[in-house]
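What follows is one structure encoded as structure tokens, with my remarks underneath.
No value in this document is a laboratory result; all are computed from the given coordinates. Here the structure is a predicted model, which means the values were calculated and not measured. Cβ sites come from the backbone with ideal geometry, for glycine too, and all protein chains shown count toward neighbours.
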Amino acid sequence: MMGRAKFILAALAALVVSSCGIYSFSGTSIQPDVNTVTINFFEYKAVKVNPTLSNDLTEALKTKFRQMTRLEQVEMDGDLELSGEVTGYSVSMGSVTADEIAASNKLTITVKVSFTNRKHPEDDFTDQSFSGYSEYDSTQSLDAVEATLTAEIVEKIVEDIFNASVAQW
């Protein structure tokens, strides 16, 4: 009898949580009247060129929203809208050995993002900067590790943008 009562209590709790419409188990806090999202192409404005980065970032954001929200993606005028640009793509020295020689290098990507919530403008932000980096051994060339590092960094930046826009962490 006690097990049945716990089950009913858990079912009621799940019903209450899911019926409020704002919070979800994916960690998002999207209001129930928000149904669509527009994710614009992120233009490339960094000095050092990576020809696929803009497309990779844009598609990763679309995938994240498709997997983690119930929102329909529309080409324009979504209830939510993300736009931005890649503003930085650079390699710098990471850690240094005792002989003052670079032991590692660091690839850093910076993105400037604007978020518009047409239903709840208090959630908007403009030109917020997001960046991520990954280090690699200085004995390797950037060409050898660039694709892997870029994918890691894009994943982190997409997570940060997602959290700032719809998870509001």
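Side notes on the structure shown:
- So Ala103, is it exposed (fewer than 14 other Cβ atoms within 10 Å of the Cβ) and among the aliphatic types (A, V, I, L, M): no
- If the condition is being assigned to a strand (DSSP E or B), of a type in the set (S, T, N, Q) and over 14 Å from Ile157 (Cα atoms), then the range 84-113 contributes Ser90, Ser92, Ser104, Asn105.
- The number of residues in the range 119-130 being assigned to a strand (DSSP E or B) and surrounded by fewer than 16 Cβ atoms within 10 Å (Cβ to Cβ) comes to 5.
- Tally of residues being farther than 18 Å from Phe162 by Cα, in contact (Cβ under 8 Å) with a residue 40 or more places away in the chain and of a type in the set (A, V, I, L, M) across the range 111-147: 1
- Reported count of residues in the range 33-44, each being touching a residue at least 40 places away in the same chain (Cβ under 8 Å) and either of a type in the set (A, V, I, L, M, F, W, C) or out of contact with any helix residue (DSSP H, G or I) (no Cβ under 9 Å at 6 or more places or on another chain) (or both), is 8.
- Residues that are closer than 25 Å to Glu146 by Cα and assigned to a helix (DSSP H, G or I), drawn from the range 33-83: Leu53, Ser54, Asn55, Asp56, Leu57, Thr58, Glu59, Ala60, Leu61, Lys62, Thr63, Lys64
- Long-range neighbours under 6 Å by Cβ, at least six apart or interchain, first residue under 19 Å from Thr52 (Cα atoms) within the range 97-110, second of a type in the set (A, V, I, L, M, F, W, C) and surrounded by fewer than 16 Cβ atoms within 10 Å (Cβ to Cβ): Leu107/Val91
- Conditions (1) closer than 26 Å to Tyr44 by Cβ; (2) surrounded by 12 or more Cβ atoms within 10 Å (Cβ to Cβ); (3) in contact (Cβ under 8 Å) with a residue 24 or more places away in the chain: number failed by Asp79: (1)
- Check on Phe65, touching a helix residue (DSSP H, G or I) at 6+ places or on another chain (Cβ under 6 Å), in contact (Cβ under 8 Å) with a residue 40 or more places away in the chain and buried (at least 17 other Cβ atoms within 10 Å of the Cβ): no
- Exclusive hit being surrounded by 13 or more Cβ atoms within 10 Å (Cβ to Cβ), of a type in the set (Ser, Thr, Tyr) and over 23 Å from Ala46 (Cβ atoms), set Thr108, Thr116, Thr150: Thr116
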